[in-house]
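A short worksheet on the structure shown next.
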Amino acid sequence: MFRGSNLLRLADYNQAVVLDLIRREPGLSRADLQRNSGLASQTISNITRRLIDAELIRESTPSDAARGRPSIPLVANGSGAFAVGVHVDPARLTILLLDIAGEVLDQRQLPTPQATNPAEVTTLIAVNTGRLIREAGIDRERVLGLGIAVPGPLDLRTGVVLDPPQLPRWRQVRLRSDLHDATGMPVLLDKDVTASATAELRNSADPDFLFVYLGSGVGASVVTNGQVLRGASNNIGEIGDILVDPTAEDLGWSGRRGGLAAACVPEALAIQAAQAALIPLPDVTDYLAIDDACSALFDLAARGDAEACAILERSARRVAVGIAVLVNFIDVPRVVLGGPTWSRLSGAFLPILQDAVRRELVVSRDEFTVVGSTVGAEIAAQGAAELVLDHFLTPSASALVLD
């Protein structure tokens, strides 16, 4: 937890401390803020008044008190500030508007252009971002910026998408500067799995977990002590090549045979379903067609088709091996799965995963759990917007550096 300072010259930092406390724990009173921040009562009074005047927080209705004057709870004012979040999944593009209180005001999902032309995607994002803000009827000046989540690897320092395997022709794409030029907004770029873990952390009371991302690709993020780990190059989470089944069949695709990606990504599942004559083989260069083919596989499994159920059960058990490798290494008490394909996989995966992972653990723990995210398929876009809010509104040590 960040602590404040009573030095007047650090007022902006202290204001960020107080706002961050209210955003993360709605309903705190001024007395709670004083205890949690270490700031003087008068400082808390001054800061909360400024935040109320700026429409960033508001007073809420106090709960009934048995005696005495009830404390007035403070909450983030949803209409005070906003951020746009975008997720570029190879199959579908998600764009949403998030308010400072963490509520998704509106969202839209579009097919990602399959021509793999970055400029086309940039234009599509810019047009729909402007439309989303206008239709929400909010003051554009209160939109802090645009966060964009994409598959890695990335160079976050320069805002460049390097060469993601799932986005052919996206080599050395200066996506951050291109979107800034197209929208006129501050732009923050991050990996889809890191953004997803950020959204999960914001919506979870648990400060320690492994997040496993399932979309057009597979990735992982580690959250410890309430912080999302990033790695030396900010590219943590490339887990697709973890060997989970050395006896696995050759799917005839570019991924590692027997690897975690080959066990669960839509392309691999669609190929397995086609090999079993359950569905026609889709165009494996068209991620939207692959996603649609997987939806057909999931529908067959939901209707009880034995072969479809067997494919998904085998996938779940292989994923469990990969998760156990990670849990044995980082020693977390909880695993959360989420991402664009998770809602369609959860019915087949959840009954299997916890026991299957437990059997692979070196150190057995009764409190260990495997759960699904409650954020939804738009988790990466929501996390990208959360990252923008955090960037502008949370306390940072850089605020303490003198000019």
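A few notes on this one:
- Residue match in the range 192-203 (condition: within 22 Å of residue 100 (Cα to Cα), outside the structural domain of residue 320 (by TED's automatic domain parsing), at pLDDT below 95 and of a type in the set (Asp, Glu)): no
- Residue in the range 237-248 that is surrounded by fewer than 19 Cβ atoms within 10 Å (Cβ to Cβ), at pLDDT below 95, of a type in the set (A, V, I, L, M, F, W, C) and more than 30 Å from residue 155 (Cα to Cα) present: yes
- Of all the residues in the range 102-124, those that are in a loop (DSSP other than H, G, I, E, B), of a type in the set (A, V, I, L, M, F, W, C) and either touching a Leu at 6+ places or on another chain (Cβ under 7 Å) or modelled with pLDDT of 95 or more (or both) number 0.
- Among the candidates 82, 2, the residue that is farther than 30 Å from residue 117 by Cα and either at pLDDT 95 or above or surrounded by 14 or more Cβ atoms within 10 Å (Cβ to Cβ) (or both) is uniquely 2.
- Residue 105 being under 23 Å from residue 390 (Cα atoms), touching a residue at least 24 places away in the same chain (Cβ under 8 Å) and buried (at least 19 other Cβ atoms within 10 Å of the Cβ): no
- Residue in the range 305-312 that is free of Cβ contacts under 8 Å to residues at least 24 places away in the same chain and closer than 26 Å to residue 370 by Cα present: yes
- Any hit, the range 191-209, residues being in contact with a strand residue (DSSP E or B) (Cβ under 9 Å, 6 or more places away or on another chain), assigned to a loop (DSSP other than H, G, I, E, B) and polar (S, T, N, Q): yes
- Matching residues in the range 254-277 - criterion: being in contact with a helix residue (DSSP H, G or I) (Cβ under 7 Å, 6 or more places away or on another chain) and of a type in the set (D, E, K, R): 256, 267
- Condition check for residue 119: loosely packed, with under 15 Cβ neighbours inside 10 Å and either of a type outside the set (Phe, Trp, Tyr) or not assigned by TED's automatic domain parsing to the domain that holds residue 176 (or both): yes
- Just one residue in the set 295, 315 is surrounded by fewer than 17 Cβ atoms within 10 Å (Cβ to Cβ), hydroxyl-bearing (Ser, Thr, Tyr), farther than 18 Å from residue 222 by Cα and not assigned by TED's automatic domain parsing to the domain that holds residue 166; that residue is 295.
- Residue among 181, 163 that alone is acidic (Asp, Glu), outside any strand (DSSP E or B), outside the structural domain of residue 340 (by TED's automatic domain parsing) and closer than 29 Å to residue 341 by Cβ: 163
- Failed item in (1) surrounded by 19 or more Cβ atoms within 10 Å (Cβ to Cβ); (2) on the phi > 0 side of the Ramachandran plot, with residue 172 passing the rest: (1)
- Some residue of the range 162-172 being modelled with pLDDT of 95 or more, more than 30 Å from residue 26 (Cβ to Cβ) and polar (S, T, N, Q): no
- For the range 53-63, the count of residues that are surrounded by 20 or more Cβ atoms within 10 Å (Cβ to Cβ) and either touching a helix residue (DSSP H, G or I) at 6+ places or on another chain (Cβ under 7 Å) or modelled with pLDDT of 95 or more (or both) is at least one.
- Looking across the range 27-44 at every residue that is surrounded by 14 or more Cβ atoms within 10 Å (Cβ to Cβ) and among the polar types (S, T, N, Q), the one that is nearest to residue 100 (Cα to Cα) is identified as 29.
- The residue of the range 322-341 that is nearest to residue 110 (Cα to Cα), among those that are buried (at least 23 other Cβ atoms within 10 Å of the Cβ) and not aliphatic (A, V, I, L, M), is 340.
- Some residue of the range 310-319 being in contact with an Asp or Glu (Cβ under 9 Å, 6 or more places away or on another chain) and among the aliphatic types (A, V, I, L, M): no
The values are calculated or read from the model by the stated rules, or taken from the named source; none is laboratory data. Quick caveat: nothing in here was measured; it's all calculated off a predicted structure. As a convention, Cβ positions derive from the backbone with ideal geometry for all residues, glycine included, and neighbour counts pool all protein chains shown.
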